[in-house]
Amino acid sequence: MLRSGLAAAVLAVLGLCACGGHSRHAATPSPACRHFAAVSVDDGRLLLVSYAGNPTPADEAMHQLRDDLAEEQLRGCAPDVLGAALQKLAPRQRAQLLSHLPGTWVVYFRQAVACAAGRTPAAGCTRAATQIVRGGTGKPGGSPYPIAPG
């Protein structure tokens, strides 16, 4: 009986490790979470370049960033992984990026940075404070736009 309880505990710990954990105290985030956090930061940089006068439409970078953030959340990545990746941006760049984002994203980004810096209790860093939904979900035909009469 004791052995089966111990085995269950070991399996539970291994299961949490395989997912990258949901606490900033986890040893290592999953490679997928680190990847999507890095890609999110790269797309944030593209968004800043777009708003600085580059001819690339900012909408494309915004859509890519939204999809990256939604994927992180779907995978259960802890916010501190994104927060650590955001540290690669200069403080001015982070402030500029936040000024271009929707309010729900700003809440998530601020949570991520606070979790990575250890300014938020671990219980507040287990999942995203706001949900970001991938584009094209929730509407008929996968369109993110409302259907208008022709």
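The values are calculated or read from the model by the stated rules, or taken from the named source; none is laboratory data. As the structure is a prediction and not an experimental result, all values here were calculated from the model. Neighbour counts run over all protein chains shown; Cβ positions are idealised from the backbone, glycine included.
Taking residue 90 as the residue in question, decide whether it is surrounded by 20 or more Cβ atoms within 10 Å (Cβ to Cβ) and of a type in the set (A, V, I, L, M, F, W, C). No. Quick one: residue 127 ticks every box in (1) under 14 Å from the mean Cα position of the chain (by Cα); (2) among the charged types (D, E, K, R); (3) at pLDDT 90 or above; (4) not in a helix (DSSP H, G or I) bar one, so which box is it? Going through the list (1) under 14 Å from the mean Cα position of the chain (by Cα); (2) among the charged types (D, E, K, R); (3) at pLDDT 90 or above; (4) not in a helix (DSSP H, G or I), residue 127 breaks only (3). Of all residues in segment 86-131, those being among the charged types (D, E, K, R) and touching a Cys at 6+ places or on another chain (Cβ under 8 Å) number 0.
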